[in-house]
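**Q** After the structure tokens below, expect a handful of questions from me.
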Amino acid sequence: MSADVDVPVESSTPVKEKLIIFDTTLRDGEQSPGATLNIEEKLEIARQLSRLGVDVCEAGFPIASPGDFEAVRRIAQEVGPLVEGRKSGQPMVIAGLARANPQDISRAYEAVKVAPRHRIHTFLATSDIHLQHKLKIDREECVDQVIKAVSYAKSLCGDVEFSPEDAGRSDPQFLTVVLAEAIKAGATTINIPDTVGYTTPDEFGWLIKYLIENTPGAESVTWSTHCHNDLGLATANTLAGVSNGARQVEVTLNGIGERAGNTSLEEVVMAVHTKPQNYPVYTAIDTTQIVRTSRMVSAFTGMPIQPNKAIVGANAFAHEAGIHQDGMLKHHSTYEIMRPETVGLGASALVLGKHSGRHAFRTRLSELGYDDLTKEELDQAFDRFKRIADKKKLVTDADIEAIITDEFYQPKEIWKLETVHVTCGDHVKATATVTLIDPNGAELTDAAIGTGPVDAVYKAINRIVEVPNILTEFIVQAVTEGIDSIGEVTIRIQPENGQGYTTNPQTGAQVPRTFSGHGASTDIIVASARAYISALNKMLAAREEQAATLEQKPV
């Protein structure tokens, strides 16, 4: 290059814009088969989402049932005002989902209005496939319905989000017409859903750019993405949307959601965090809370995290291949693009044993992010730790996480497991004797014979509790390596005779409720019994909630 050629130098670094994290774990995530949550579990997750730094929490679909309405209302009332520990200094926006009709919108507003910052999120399908086969209306009727719905929502609430369902398969030119009318009617956020996960990153990125450039009024609203993972492209599509102008992303913890799930919060956040040079945005997420939040959601929903799941999977920071281990010993950056501590995962492997004291245990809990336990909760966790340490020489961070999950991420204790005794072998019939504490504090014991030890335990429990149900799924996982590892069991049950339904907001269909249970122990039979009691308690708590809210009528 010639010495006299002027090379332009950038005078300053471009200013980054805030990327709004809209979490729909409690709404779209709960639509995953078997991910039914009760009100107390939703409240606990919502509190953790606030600590995580989520900007908008879609707390549910209030019209679905009195129980859903009450859950959203309580989240708005109890979690909506919280600001402690939030980088933004502002409380979360609490949003409620509503179909594009006055009844849904009114119900959503009544549920969220008590939150200091609240939002109505209304939607209507715009693809010809949905208009013709689901809604049975034409395009003109679609536009008219959108105008009426958004206008009504705006008359109740200043913050209104509109989503054209199945935008990924809608005519882009027609979308500009619909969205222009939604903006004129008062929408403040326009969300573009790839409802069936059909688009690719190039297509979705182009669609966001096209809509921003061609929709009248586009500059006055926040543009958002909502991508499903049917082709495994949800995160890639979302990031393509961000690169092309979207400044809100709709996500779920662990990527849970209908069918193959939604865009994963942890993947989007850590992509932006790890590759800041690639994206013109930043987030207010406290990344050190990611693993804790992920495990809480997994425990409450009963949806195990696949070991090779990005960011939060058990193998995400594990290195087994010899060449990888050699590189890691020389320098972590050879095979790690982010540090485990960044997402809240403890760096140490083996730290505590049966001689470890309360102070060491409390310190390790704090390092793992559990520094908000009360004295009673700490005592409870320490007692469980000592019992585990008596059976294992060394207790890992993963073991400690399992203890916390099993002790505190459980449903309201209606029935309590007291003792389990099993006799089994290859030439004897499996027999189980189980003692439970009933809701009134009485001790009840019964026994049963089964095809195996777990079957015998479940039959004995059924004889005592007398709550007919169908076991639909049984999953066993080891927390760590070794024969003395804590085993985690996750099960799902459904009420017998199909009792108990919930409403799918997209289809309006009534689908049977499934209840999950989670248990952990060094004894897999005990873990199985804990998981079953957990699921039964969820089912019974749901019945109590339904009875308590039965008199509530939609507004």
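Coordinate-derived values only; no laboratory data. Here the structure is a predicted model, which is why all the values come from computation and not from measurement. In this analysis, Cβ positions are derived from the backbone assuming ideal geometry, glycine residues included, and neighbour counts consider all displayed protein chains.
**Q** Treating the beta-carbon of each Lys and Arg as +1 and of each Asp and Glu as -1, no other charges, what is the dipole magnitude of segment 94-193 about its Cα centre, to the nearest 20 debye?
**A** 360 debye
**Q** Just name one of 173, 50, 366: the one whose Cα is farthest towards the positive end of the charge dipole of the chain (beta-carbon charges, Lys/Arg +1, Asp/Glu -1).
**A** After comparing all options, I get 366.
**Q** Further question: Once Lys and Arg get +1 and Asp and Glu get -1 on their Cβ, which of 268, 210, 152 lies farthest toward the positive end of the dipole of the chain?
**A** The listed residue farthest towards the positive side: 152.
**Q** For the pairs 42/134; 113/412; 136/309; 42/136; 386/416, flag any whose C-alpha to C-alpha distance is greater than 29 Å.
**A** 42/134; 136/309; 42/136
**Q** Angle between the Cα long axis of helix 524-549 and the longest principal axis of the chain, 0 to 90 degrees, nearest 10?
**A** On a 0 to 90 degree scale, this one is about 60.
**Q** Normalising by the residue count of the chain, find the relative contact order in percent from Cα pairs under 8 Å and 6+ residues apart.
**A** Computed value for the chain: 13 percent relative contact order.
**Q** A further question on this structure: Over all Cα pairs of segment 187-268, how is the pair count split among 5 Å bins, expressed in % and running from 0 up to the last occupied bin?
**A** Taking every Cα pair in segment 187-268, the percentages come to 3, 18, 30, 24, 15, 8, 3, 0.
**Q** To check you understand DSSP bridge types, tell me what percent of the beta bridges within the chain (both residues inside) are antiparallel, rounded to 5.
**A** Approximately 50 percent, going by the DSSP bridge assignments.
**Q** Follow-up. What do you get for the angle between helix 102-112 and the principal long axis of the chain? Use alpha-carbon atoms, 0 to 90 degrees, nearest ten.
**A** 60 degrees
**Q** How far is helix 234-243 tilted, in degrees, relative to the longest principal axis of the Cα atoms in the chain, given as a value from 0 to 90 rounded to the nearest 10?
**A** Value to nearest ten degrees: 40.
**Q** Would you work out the relative contact order for segment 5-123, in percent, from Cα pairs under 8 angstrom that are 6 or more residues apart?
**A** Taking the mean separation of contacting Cα pairs over the length of segment 5-123, I get 23 percent.
**Q** What does the convex hull of the Cα atoms come to per residue for segment 119-250, in Å³?
**A** Per-residue hull volume (Cα only) is 88 Å³.
**Q** Put +1 on the Cβ of each Lys and Arg and -1 on the Cβ of each Asp and Glu in the chain; which of 26, 414, 63 then has its Cα farthest toward the positive end of the dipole?
**A** Checking the options against the dipole of the chain, the answer is 414.
**Q** Could you work out [θ]222 nm for the chain from helices alone, using -39500 (n - 2.57) per DSSP H run of at least four and dividing by all its residues? Round to the nearest 500 deg cm²/dmol.
**A** Value at 222 nm, helices only, nearest 500: -11500 deg cm²/dmol.
**Q** Using a 10 Å cut-off on Cβ atoms, rank the peptides 64-70, 281-287 from the highest mean neighbour count down.
**A** Per-residue mean Cβ counts within 10 Å order the peptides as 64-70, 281-287.
**Q** Which value, in debye to the nearest 20, gives the size of the charge dipole of the chain about its Cα centre, when Lys and Arg are +1 and Asp and Glu are -1 at the Cβ?
**A** Dipole about the Cα centre, nearest 20: 780 debye.
**Q** For the chain, what is Rg from Cα atoms divided by 2.2 N^0.38 Å, rounded to two decimals?
**A** Relative to the rule-of-thumb radius for its length, the chain sits at 1.04.
**Q** Please get the size of the charge dipole for segment 1-157, origin at its Cα centre, with Cβ charges of +1 on Lys and Arg and -1 on Asp and Glu, quoted in debye to the nearest 20.
**A** Dipole size: approximately 560 debye.
**Q** Would you tally the net charge around residue 204, using a Cβ to Cβ cut-off of less than 14 Å, leaving residue 204 out, and scoring K and R as +1, D and E as -1?
**A** Within the 14 Å Cβ shell, the charges total -4.
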